[in-house]
Amino acid sequence: DPRGLYMCETGDKRSSLQVHYRMCQNCIEVDAPTISGIVIADMVATLFLAVAVYCISGHDRGHTSRASDKQNLISNELYQ
């Protein structure tokens with residue numbers, strides 16, 4: 001336990017240092033391979049999401065609409 005009062009004496013000089021130390025109880029140690037794995041997984045997930053949005057979205061594929069541009073009018077004169 002590194003907590004406590006530390007004293008340093010050099011000749012006739014005397015210095016002290018109070019150390020307060022608190023450990024994290026629910027912390028996990030993260031090393032370089034773990035961080036790189038997280039970054040690569042995030043990039044792959046982002047790429048997958050971008051491709052999925054592109055495939056699902058209604059981008060123009062060159063198909064023309066089957067609906068006619070002409071309108072058939074009702075033969076009733078009241079509505080014309």
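The values are calculated or read from the model by the stated rules, or taken from the named source; none is laboratory data. On a predicted model such as this, the values are computed, not experimentally measured, just so you know. Don't worry about glycine lacking a Cβ; one is built from the backbone with ideal geometry, like all the others, and counts go over all protein chains shown. In case anyone asks, the SASA skips ligands and DNA or RNA and just uses the protein heavy atoms, side chains included. Shrake-Rupley method; radii C 1.70, N 1.55, O 1.52, S 1.80 Å.
Worth pointing out:
- Extending 7 Å from the Cα toward the beta-carbon at both Val44 and Tyr21 defines two label points whose distance is 4.0 nm.
- Of the residues Asp12, Asp31, the one with the largest accessible area comes first in the ranking Asp12, Asp31, computed with a 1.4 Å probe on protein heavy atoms.
- Kirkwood hydrodynamic radius of segment 3-59, from inverse mean 1/r over distinct Cα pairs, in Å: 16.9 Å
- Net length available on complete extension from Ile28 to Asp12 is 1.3 nm, with 0.36 nm assigned per residue and the Cα-Cα distance removed.
- Here the gap between Val51 and Ser36, fully extended at 0.36 nm per residue and compared with their Cα-Cα distance, gives a gain of 3.1 nm.
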